[in-house]
Each structure stands twice: as structure tokens, then as C-alpha cells.
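A quick write-up on the structure given underneath.
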Amino acid sequence: MSEIFKREGKIVVVSMKNDLTASTGSLFRETILNYDGANPGIQEWILDMEGVDFLDSSGLGVLVALLKRIAEKGGDIKLANLRKKVRTVFEITRAFRIFHAYESVEEAVKAIP
């Protein structure tokens, strides 16, 4: 996985560069949790998914598990720049009921209270 983290205060933007599947999900989850552990105080995570062409059910499961873990600490995950195939997975599974998705990172940042 080759994520790029950009932090500003309590917000971090994670630029995702790979598909999120059964073969990559565990490493992605570990990378996020390691970053979270090493950088206390992050409340808002924005996952810039522009580089994600494919998301399978395992990848979606990783996102749900991360959301749960981050929410337990009072944080939230917002999604930005979903490609059509990835957006379809969220629509079919109705995962938009628990995730907020935005057209751009800038829109996601503006939505933070």
C-alpha cells in the first residue's frame, strides 16, 4: 500500500493509491491504525479514494471496522473522490448510511464542524 498522509491539526487526509481488496485490506487497516497510534489527537479522517479503482466486500469490511474503531475514540471518517465502480459498491450495500461521501477533499473538509 502506498498511502500519503497529510495532517493539519485534528484532520488527516489519506490519499489512497491502491485498490482495497481481500489481498490489500489487512495492510491498509494496519497502516491506518499505526498512523493513528503514532499521531494522537486526530478526530477527522478523510479518505481520498481517487486512486482506488476497485473495492470488494473485504475492503468495505475494512472501512467499516476502521470507522467503528475511530468512532469509539470520538472520531469520524469521510470519503472523497469515489470513482464510479467504488461508488456503486457503496450504493448497492447501502454503506452510505454509515459513511459520508463528498465529491472532493475540499467539500469533505468544509463539512467538518
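I'd like to check something: does the range 57-74 contain any residue that is surrounded by 16 or more Cβ atoms within 10 Å (Cβ to Cβ) and more than 12 Å from the chain's Cα centre (by Cα)? Taking every residue of the range 57-74 in turn, none turns out to be surrounded by 16 or more Cβ atoms within 10 Å (Cβ to Cβ) and more than 12 Å from the chain's Cα centre (by Cα).
With a requirement of 3 or more residues that are without any contact (Cβ under 8 Å) to a residue 24 or more places away in the chain and within 18 Å of ARG7 (Cβ to Cβ), the helices (runs of 4 or more DSSP H) lying completely within the range 18-113 that satisfy it span 25-38.
Could you count how many residues in the range 87-110 are more than 20 Å from LYS68 (Cβ to Cβ) and of a type in the set (A, V, I, L, M, F, W, C)? Working first, answer last.
The initial filter retains those residues of the range 87-110 that are more than 20 Å from LYS68 (Cβ to Cβ), namely 87-88, 91-92, 102-107, 109-110.
Within this subset, residues satisfying the condition of being of a type in the set (A, V, I, L, M, F, W, C) are 92, 105, 109.
Residues that pass the stated criteria total 3.
Yes/no per residue for (1) at pLDDT 95 or above; (2) over 13 Å from the mean Cα position of the chain (by Cα); (3) farther than 22 Å from ASN18 by Cβ; (4) not aromatic (Phe, Trp, Tyr):
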{"position": "ALA80", "(1), (2), (3), (4)": "yes, no, no, yes"}
{"position": "LYS84", "(1), (2), (3), (4)": "yes, yes, no, yes"}
{"position": "PHE99", "(1), (2), (3), (4)": "yes, no, no, no"}
{"position": "GLU107", "(1), (2), (3), (4)": "yes, yes, yes, yes"}
{"position": "LYS110", "(1), (2), (3), (4)": "yes, yes, yes, yes"}
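Residue count for the range 39-56 satisfying the condition of being modelled with pLDDT of 95 or more and small (Gly, Ala, Ser): 1. Got at least one residue in the range 4-13 being outside any loop (DSSP other than H, G, I, E, B), over 19 Å from ALA108 (Cα atoms) and modelled with pLDDT of 95 or more? No: the range 4-13 contains no residue that is outside any loop (DSSP other than H, G, I, E, B), over 19 Å from ALA108 (Cα atoms) and modelled with pLDDT of 95 or more. Restricting attention to the range 11-40, the residues that are of a type in the set (A, V, I, L, M, F, W, C) and over 21 Å from LEU55 (Cα atoms) total 3. Across the range 8-17, the number of residues qualifying as surrounded by fewer than 14 Cβ atoms within 10 Å (Cβ to Cβ), out of contact with any Gly (no Cβ under 9 Å at 6 or more places or on another chain) and in contact (Cβ under 8 Å) with a residue 24 or more places away in the chain comes to 0.
The values are calculated or read from the model by the stated rules, or taken from the named source; none is laboratory data. What you see is a predicted model, and the numbers here were worked out from it, not measured in a lab. No Cβ is skipped: glycine too gets one built from the backbone with ideal geometry, and neighbour counts run over all protein chains shown.
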